[in-house]
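Laboratory data are not the source of any read-out in this text; all were calculated from the coordinates shown. Note that the coordinates shown come from a computational prediction; the quantities given were computed from them, not determined experimentally. Please note: Cβ atoms are built from the backbone with ideal geometry, for glycine as well, and neighbour counts cover all protein chains shown.
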Amino acid sequence: MTQINLLSELNSIASEGRNLDTLDIDTLPTLAILEKINQEDHKVAAAVSTAMADITLGVEAIVSSFNQGGRLVYMGAGTSGRLGILDAVECMPTFSVPEGMVIGLIAGGEKAVIHAVEGAEDNREMAVNDLKAINFNANDVLVGIAASGRTPYVAAGLEYAKQCKAKTIAVNCSPNSVIGQIADIDICAQVGPEVLTGSTRLKSGTAQKLILNMLSTASMIRIGKTYQNLMVDLNASNQKLYARAVRIVMQATDCEEQTAYEALGHANKEVKVAILMILTGVDVQQAREKLAQKQGFLRHAMSQGES
């Protein structure tokens, strides 16, 4: 693409427009600058709310993929890629998902998480190679993230995923975007021009983070990773998380702290198992069997008859 064509394309992208409410931001005192930023941030949740129908479709696609043994794969460049990696990494301690069940890919590879990699977002071949490297297949679902909706790396990834017959989702902030037209599901949060023109790590980044939170969290709830609003598949891998696990057991069962500690000890720190043992009186093995019979859904395991 020539420089002239790219300039013309950017002129048509909503997130690249100038914000008429912040033209004087460089003349303002600190508090007034912060108030401008905060006022713009207030628009983000409302913009995301307009995309709820498409976010719902995205969650359904991800749940279907998980139920077929597939993976959730995020792909983006720059801020968008880093947000995808952040969400993917957080799924392991929060929901004890197996390594590789949720994956984040960024243009330029691991180096790009910390440093800008020149030209990476324009490299279409890299996107295909990155997906081939993880053996991306029809059971997986690809979420392409790009505020502008035009990033070549993301567009090429979505095109390859469709060739693989996988479900594809676009997350962007520009209506009628390139990636939105490629993907099966187009999630577009129209947040408008940024406080600083073109700095899409601001409102656009916030919108993308909210959407990714919804996609992963709702999908994990749908596959039985929670009980009520408790993270009962928490991986208690450090002291803080173990303390949180104890609190979750206590909150779910109304038991005393010592009882929670003892149950978690018997259950090898498995929160679901500890809760089921306390609430139903079964032993560790029976609790695990009941959970397996109900595909890990604690509420369902509690309601089934004694085996």
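The GluC sites (Glu not before Pro) of the stretch 117-203 that DSSP puts in a loop, and whose beta carbon has at most 11 other beta carbons within 10 Å, are Glu118. Per the Kirkwood formula applied to alpha carbons, the stretch 183-237 shows a radius of gyration over Rh ratio, Rg over Rh, of 1.15. Label positions at His266 and Asp254, each projected 7 Å from the Cα along the C-beta direction, are separated by 2.0 nm.
Quick one: dipole size for the chain, taken about the Cα centre, charges +1 on Lys/Arg Cβ and -1 on Asp/Glu Cβ, in debye to the nearest 20.
I would put it at about 540 debye.
What the Cβ-Cβ distance of Glu110 and Asn137 gives, at R0 = 22 Å and to the nearest 0.05, is a FRET efficiency of 0.45. Taking Cβ atoms as reference points and 14 Å as the exclusive limit, the residues near Thr79 contribute a net charge of +1, counting Lys and Arg as +1 and Asp and Glu as -1.
Neighbour counting of Cβ atoms within 10 Å sorts the residues Val232, Val249, fewest neighbours leading, into Val232, Val249. Simple spin-label estimate for Ala243 and Glu118 gives 4.8 nm between the two label positions (7 Å along the Cα-to-Cβ direction from each Cα). Residues Thr197, Thr168, arranged from fewest to most other Cβ atoms within 10 angstrom of their Cβ, appear as Thr197, Thr168.
Which of the GluC sites (Glu not before Pro) across the stretch 227-277 are loop residues per DSSP, with 13 or fewer other Cβ within 10 Å? Those that pass, being in a loop and sparsely packed, are Glu256. To the nearest 0.05, what FRET efficiency results for Arg201 and Asn67 with a Förster distance of 45 Å applied to their C-beta separation? My answer for the efficiency is 0.85. Working from Cα pairs under 8 Å separated by at least six residues, relative contact order for the chain is 19 percent. Restricting the calculation to Cα atoms, every distinct pair contributes to the Kirkwood radius of the stretch 239-303, found to be 11.4 Å. Here the chain is treated as an ellipsoid with the same Cα gyration tensor; its semi-axes, largest first and in whole Å, are 41, 23, 16.
Cβ-Cβ distance of Val284 and Asp41, R₀ of 41 Å, FRET efficiency by 1/(1 + (r/R0)^6): the value works out to about 0.30. The stretch between Glu125 and Thr30 holds 29.8 nm of extra length on full extension. This uses 0.36 nm per residue minus the Cα-Cα distance. Annotation for the stretch 118-166: trypsin sites (Lys or Arg not before Pro) lying in DSSP loop with at most 12 further Cβ atoms inside 10 Å of their Cβ are Lys165. Considering only Thr280, Leu158, Cys188, the residue lying farthest towards the positive end of the dipole of the chain is Thr280, judged by Cα position with unit charges set on Cβ.
Think of the chain as a dipole: +1 on every Lys or Arg Cβ, -1 on every Asp or Glu Cβ, centred on the Cα centre; then among Ala53, Leu23, Ala301, Ala301 lies furthest on the positive end. Relative to the longest principal axis of the Cα atoms of the chain, the long axis of helix 152-163 makes an angle of roughly 50 degrees. Kirkwood Rh over alpha-carbon pairs of the stretch 101-175, then Stokes-Einstein at 25 °C and 0.890 mPa s: what D in µm² s⁻¹, rounded to an integer? Translational diffusion coefficient: 196 µm²/s.
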